[in-house]
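Here the structure comes first, spelled out in structure tokens, and everything after it is commentary.
The values are calculated or read from the model by the stated rules, or taken from the named source; none is laboratory data. This one's a predicted model, so the numbers in the text were calculated from it and none came from an experiment. Because the Cβ atoms are built from the backbone with ideal geometry, glycine has one as well, and the counts that use them run over all protein chains shown. For accessibility, only protein heavy atoms count, side chains too; no ligands or nucleic acids. Shrake-Rupley method; radii C 1.70, N 1.55, O 1.52, S 1.80 Å.
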Amino acid sequence: MVPISYYLVLSAILFGLGVVAFIFKRNIITIFMSIELMLNAVNLTFVAFSRALGKLDGQVFVFFVIVVAAAEAAVGLAIILLIARNQQSLNIERVNLLKL
Amino acid sequence: MSNLVAQHPVLVVAVIKIAVLMFLLLTALAYLTWFERKVVAHIQSRWGPYRAGPHGLLQPLADGLKFLFKEDVTPSGADRFVYYLAPFLTLSLSLTAIALIPFGPGEFKLFGQRTSLGIANLNIGLLFLFAITSLGVYGVALAGWSSNSKYPLLGGLRSSAQMVSYELALTMSVVGVLLLAGSFNLREIIAAQQGFLWGWLPRWNIFASPMPQVIGFSCFFTAAIAETNRLPFDLPEAEGELVAGFHTEYASFKFAMFFMGEYASMITVSCLATILFFGGWLSPFPQIGALAWMRYLPTALLAAGSAWLVWDGIRYETLLGKIVLPVLGVVLAGLAVLIALPGANDFIQGPFWFLAKVFIFLFIYVWVRGTLPRFRYDQLMAVGWKLLLPASLANIVLTSFAIVVGKR
Amino acid sequence: MSLELVLFFVLAAMAIGGAVSLILQRHPIHSALSLIVVMVALAGLYLLLGAEFIAAVQIIVYAGAIMVLFVFVIMLLNAGVEARTNVSRMARYVGLPLGFFLTVELAYWIAGGAGRQAPVSAGPTPTRELARMLFREFVFPFELTSILILIAILGAVVLAKKET
């Protein structure tokens, strides 16, 4: 039997890596992907706790998170398409129209 | 590691079963290409392969050798890792999917372990099958992207759009079956289709009592043809416009891997159609006294086949054919006797009906290919989104209503 | 070591390796592939935790649909290798240690809180139970997500439409 804390530590590491990727990457699509990575890490926590507590609420919540992530990906990628069309670049530093 | 194996004898049995299934499947794949070429040739009033071996029976072997000995070219500027990954992904995923298919109800003993026909029996078998097929997009999309060439890129773009759109209809069309069976387990889905309506009509899902899944089946099979990138939906590789689409830049064995992957997924889809809509291994005839002779149908078919082979072999033009075909006929006759024996006869019933139905679906696949022209791209999208998806959603609603009303 | 523990470590290594590779790869397609590896590994972990349905949904929706969309967009925009711009000094000297610190802290607190929690050993979660829960207790959020998806579809269509 794998202790639940192993899963939680793994999930924390993945979340941390997601944060690091979010900060360091320059490509908008990759930044968006690192958000997905963080969501995934949180999902692992939900499922692990659902197992530890013997309740299904965690799994239902993961289901909702996945649905929301799907909606988010659809809108987010549409926005990225627009940015790429207007800026001719996917570099996040080029998206600076609001900057003085 | 040996400790692990000793603790889990199931693993040993599973490995043996995988090896046997792999061998049978790869042989079946090779002869499926022969079968397709023969059938399409006859549809178009040609003879098809006839030179390599009697009736072209050695053609798959010749093709395989040719694939192995061709020069393996990697285009310059290709992303090497992804370029090599894509065919591997396609083939391994479509072979993995077969592991979930149950081939018969019988159980047998192997090293003291009782196992069934089929490798994995999961509670959520159907969902996992869809999970594996949903990953199949990557093989095609990445192949198109990594070739660093414009036709493959267009093919890859088309395929990812096409496969994602049709996956929706594919998944939705099956929900009606799930509602009727109340389970994701493929064995339970088959078990739920047992019995006969009015004593003669099998209670398969396509004829099921509250709501026959005719709409579901048509949506499923159409979407499945699109998912496997077969004509008339083979736009990712449309040779008329995209040269060969996503695998233009692939040669030699990497091309063969795409080829085998496509045929393996054809087999998976045919198995799935059989299981979900046509009762899997259930016999279409009721078990009554007047039809008891039906249990010898496999024997009779094999015997007829062997008689034809011997007769044809004697008249065959070449010496090789004169020898090989009668020998094959004798082997078939031996098999026919073997499966008529009481113990074997019971065991063979399930797999026989299952494989017979799968064979019919494979024939339909080839038949469709030989008959219909390719769709235009906008037509393809229109069929997927405006016809199949609404129809399969309507099927879900109708089926749930029928079940609720039927229960009352 | 039990088979389960071996599987856990293999899958965990796969997940972490994929996440690290997501950061190190310079081409978006490679990053996307790394993320797919993470997702497949997580699906395996869900199976270990007995959450069969969630594992299947993870692969079907995340790996099979969302990531395909990402790959599709990367291919469509023909995104090249990420530009190596001057990473702001803040990100390099403060962000990295901060990310590391966040990870350690999260791991410490979460694991500390749950360390005493004995795992409830039960077979795989029956999907039937999950469905009952989803359509009885959580039926309102479920209906709300359908509206959310509808709005997302509309938004995506409106946004991605070419101006004529």
Worksheet item: Which condition number does B:GLN287 fail, the rest of (1) open to solvent by 20 Å² or more (accessible area, probe 1.4 Å); (2) modelled with pLDDT of 80 or more being met?
Response: (2)
Item to complete: Mind telling me which of the residues B:VAL327, B:VAL337, B:VAL366, B:VAL331 ends up being crowded, with 19+ Cβ neighbours inside 10 Å and either at pLDDT below 85 or within 26 Å of B:LEU29 (Cβ to Cβ) (or both)?
Response: B:VAL366
Worksheet item: Name the pairs: first residue in region B:76-96 and assigned to a helix (DSSP H, G or I), second residue charged (D, E, K, R) and crowded, with 17+ Cβ neighbours inside 10 Å, Cβ to Cβ under 9 Å, at least 6 apart or on different chains?
Response: B:TYR83/B:GLU249; B:TYR83/B:LYS254; B:TYR84/B:LYS254; B:ALA86/B:LYS254; B:PRO87/B:LYS254; B:PHE88/B:LYS254; B:THR90/B:GLU262; B:SER94/B:GLU262
Practice prompt. Those residues that are more than 14 Å from the chain's Cα centre (by Cα) and either more than 7 Å from chain C (Cβ to nearest Cβ) or farther than 15 Å from C:VAL57 by Cα (or both), I need them from region A:32-51; list them, please.
Written response: A:PHE46, A:ALA48, A:PHE49, A:SER50, A:ARG51
Worksheet entry | Subset of region B:121-166 [open to solvent by 40 Å² or more (accessible area, probe 1.4 Å) and in a loop (DSSP other than H, G, I, E, B)] | B:ASN121, B:LEU122, B:ASN123, B:ASN148
Worksheet item: Here are C:GLY44, C:GLY64: which of them is surrounded by fewer than 22 Cβ atoms within 10 Å (Cβ to Cβ) and either within 16 Å of B:LEU127 (Cβ to Cβ) or over 12 Å from the mean Cα position of the chain (by Cα) (or both)?
Response: C:GLY44
Discussion item. Testing B:ALA97 on (1) more than 14 Å from chain C (Cβ to nearest Cβ); (2) in contact with a Gly (Cβ under 9 Å, 6 or more places away or on another chain), one condition comes back false. Which one is that?
Written reply: (1)
Response to the item:
Note on region A:9-24: residues more than 7 Å from chain C (Cβ to nearest Cβ) and either in contact (Cβ under 8 Å) with a residue 40 or more places away in the chain or over 30 Å from A:GLN88 (Cβ atoms) (or both) are A:SER11
Response to the item:
Wholly inside region C:56-164, helices (runs of 4 or more DSSP H) that include 1 or more residues that are in contact with a Ser or Thr (Cβ under 9 Å, 6 or more places away or on another chain) and at pLDDT 85 or above are C:67-77
Response to the item:
Going through region C:45-55 in order, the residues found to be in a helix (DSSP H, G or I) and more than 7 Å from chain B (Cβ to nearest Cβ) are C:LEU45, C:TYR46, C:LEU47, C:LEU48, C:ILE54, C:ALA55
Discussion item. Can you confirm whether C:LEU35 is at pLDDT 90 or above, more than 8 Å from chain B (Cβ to nearest Cβ), more than 24 Å from A:ILE28 (Cα to Cα) and open to solvent by less than 10 Å² (accessible area, probe 1.4 Å)?
Written reply: no
Discussion item. Looking at region B:51-73 only, could you name the residues that are exposed (fewer than 15 other Cβ atoms within 10 Å of the Cβ) and not basic (Lys, Arg)?
Written reply: B:LEU61, B:ALA62, B:LEU65, B:LEU68, B:PHE69, B:GLU71, B:ASP72, B:VAL73
Response to the item:
Within region A:1-31, restricting to residues that are surrounded by fewer than 20 Cβ atoms within 10 Å (Cβ to Cβ) and aromatic (Phe, Trp, Tyr), the one that is nearest to the chain's Cα centre (by Cα) is A:PHE22
Fill in: Filter result for C:LEU7 (touching a Phe, Trp or Tyr at 6+ places or on another chain (Cβ under 7 Å) and touching a residue at least 40 places away in the same chain (Cβ under 8 Å))
no
Discussion item. Can you tell me which of (1) among the hydrophobic types (A, V, I, L, M, F, W, C); (2) in contact with a Phe, Trp or Tyr (Cβ under 7 Å, 6 or more places away or on another chain); (3) at pLDDT below 85 is the one B:TRP353 doesn't meet?
Written reply: (3)
Item to complete: Quickly run through region B:167-182 and pick out the residues that are touching a residue at least 60 places away in the same chain (Cβ under 8 Å) and either over 23 Å from C:PRO124 (Cβ atoms) or open to solvent by 20 Å² or more (accessible area, probe 1.4 Å) (or both).
Response: B:GLU167, B:LEU168, B:ALA169, B:MET172, B:SER173, B:VAL175, B:GLY176, B:LEU179, B:LEU180
Practice prompt. Test each condition in (1) over 30 Å from B:SER149 (Cβ atoms); (2) at the interface with chain B (Cβ under 10 Å from one of its Cβ atoms); (3) buried (at least 20 other Cβ atoms within 10 Å of the Cβ) for C:VAL6 and report the one that comes out false.
Written response: (3)
Item to complete: Can you tell me which residue among B:PHE255, B:PHE220 is surrounded by 18 or more Cβ atoms within 10 Å (Cβ to Cβ), touching a His at 6+ places or on another chain (Cβ under 8 Å), modelled with pLDDT of 80 or more and assigned to a helix (DSSP H, G or I)?
Response: B:PHE255
Item to complete: Give the residue that is nearest to the chain's Cα centre (by Cα), with candidates limited to residues of region A:52-82 that are more than 7 Å from every other protein chain (Cβ to nearest Cβ) and open to solvent by less than 40 Å² (accessible area, probe 1.4 Å).
Response: A:VAL65
Worksheet, complete the sentence: Selection from region C:123-161 of residues facing another protein chain (nearest Cβ under 7 Å) and either touching a residue at least 40 places away in the same chain (Cβ under 8 Å) or of a type in the set (Val, Ile, Thr) (or both) yields C:PRO124, C:THR125, C:THR127, C:LEU130, C:THR145, C:ILE149, C:ILE153
Worksheet item: If the Cβ limit is 6 Å and pairs must be 6+ apart or interchain, which residue in region B:50-65 that is over 15 Å from B:VAL324 (Cα atoms) pairs with which residue that is surrounded by 17 or more Cβ atoms within 10 Å (Cβ to Cβ) and among the β-branched types (Val, Ile, Thr)?
Response: B:PRO60/B:THR33
